[in-house]
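Written out below as structure tokens is the structure these notes cover.
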Amino acid sequence: MGRGVNMESLGLFVLLILAFFHWTAASSADKITWSYSGLVGQSEWSEYFPECGGTSQSPIDVVTTQTKYDPSLIPVELPGYSQYGNLPFAMHNNGHSVIVQLPEWMGLGGLPWFYTAVQLHFHWGSGGPGHGGSEHTINGMGSDAELHVVHYNSDLYPNMSTAMTKKDGLAVLGILIETGEETNPGYNNIINHLSRIRHADKRTFIPAFDVQQLLPKDLGSYYRYNGSLTTPPCYQSVLWTVFHERVKISKAQLLKMETILYSTKEQEADRMLLQNNYRITQPLNQRVIFASFSEGSGRKLSSGEVTAIVIGVMCGCVGVAVIIRFIVKTIRFFKLLHLETVAVNSSTSSWDILHNNRPAPMPRTKETEQSQEKKTDLVVMTTSESERKEESSPSPQTKP
Ligand SMILES: *[C@@H]1O[C@H](CO)[C@@H](O)[C@H](O)[C@H]1NC(C)=O
Ligand SMILES: *[C@@H]1O[C@H](CO)[C@@H](O)[C@H](O)[C@H]1NC(C)=O
């Protein structure tokens, strides 16, 4: 009996100690300041946030030859995106990215559930164009930055904080951003106001704008897979939509994004630029990436590709025309040469000796000229006949 009680109390003691450690670990994880490199860098995340070491993590590299075409994947719908209203959007720097809060009437449709918009944020690199910055990559190729628009499953859950821990809780749109020649006016709605939130924890309001301007035109071509939040706590609750079409911003816009914000707070002595806030791609493991389009055939062409094809076809046509003209000319030349030789052979036998004067082709030219004259006469006659007919026909009508 006594021994049994001792064993029970020992068991309880161990349980209490375990619970205590679990509690301290959990509370420290809430406070832990993670980063992309350094003490609690990406490779250490899973020590403090176990889900970061899970088997369905994001981002991933999309290997297009291994995607599965799913014709049931319809274009995404963005109800409310363009009805942005006149209440300003809250924007803040959380030390990891710039976050814009979205109004709750914005939503995401065309998926198995209806999702309500929560926020959007960006990931970027450093060093300007061509130095990486996107989280997802396609066939190993990243781009300069990436936009994420986060939504929660409002068919099943009351709010973001409840939904984010559930397997079917979130839906995120991923947009790969690359550098082009022109300024993207949509992106200036955010970039032009970044200087107001340079330090971590700074907040501001920006005028409301049409968030759909930040998305690619083609909402029907995308990759879909089950993944996670790309920042701690890395909950594996995200149904991802990564668009096939990339969006372009100017080099100046990219450089502003990369160099205006700090990951440190205003009062901190050592300022650190907020750069390279992207996670490296994670193992796909057993997951399947579905494509809404079949590579090559099914997808719609961009305007650039259409222009290229039109120019290509036109050049091709001109080339073929030149070649045909050349062939026809060559054939004519050889025909003439043949006729000339025949004419020469049939003319005087003294040709071989008296090659100074070339009398032979003369009659032939005259003949053709004459026949051509005849032909033209014929044409003139026919036209004048028809003209006469036309002249004569309306006259009875004009009489009465
Ligand atoms: C989210 O919903 C849950 C359940 O209804 C509630 O307990 C919680 O307070 C809500 N959280 C927020 C941030 O509204
Ligand atoms: C995501 O996971 C759910 C539940 O396991 C599954 O029903 C669904 O088909 C998956 N979706 C994709 C795109 O893999």
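Read-outs throughout are calculated quantities, based only on the coordinates presented, and are distinct from any laboratory measurement. Small disclaimer: the values here were computed from a predicted structure and weren't measured. Glycine also receives a Cβ, built like all others from the backbone with ideal geometry; neighbour counts cover every protein chain displayed.
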What FRET efficiency do you get for residue 272 and residue 295 if R0 is 30 Å and r is their Cβ-Cβ distance, rounded to the nearest 0.05? 0.15
Calc'd 3J(HN,Hα), the stretch 264-275, phi into Karplus 6.51 cos²θ - 1.76 cosθ + 1.60 (θ = phi - 60°), Hz, glycine/Pro = x, comes to 9, 7, 4, 7, 6, 5, 8, 6, 10, 5, 7, 9
List the residues whose amide H sits under 5 Å from the amide H of residue 265, counting only those 5 or more places along or on another chain, with H placed 1.01 Å from N in the peptide plane. 200
How much length is gained on full extension from residue 311 to residue 74, taking 0.36 nm per residue of separation minus their Cα-Cα distance? 82.1 nm
Taking square-rooted eigenvalues a ≥ b ≥ c of the alpha carbon gyration tensor, is the stretch 45-312 rounded, prolate or oblate, where a/c under 1.5 means rounded and, failing that, a/b exceeding b/c means prolate? rounded
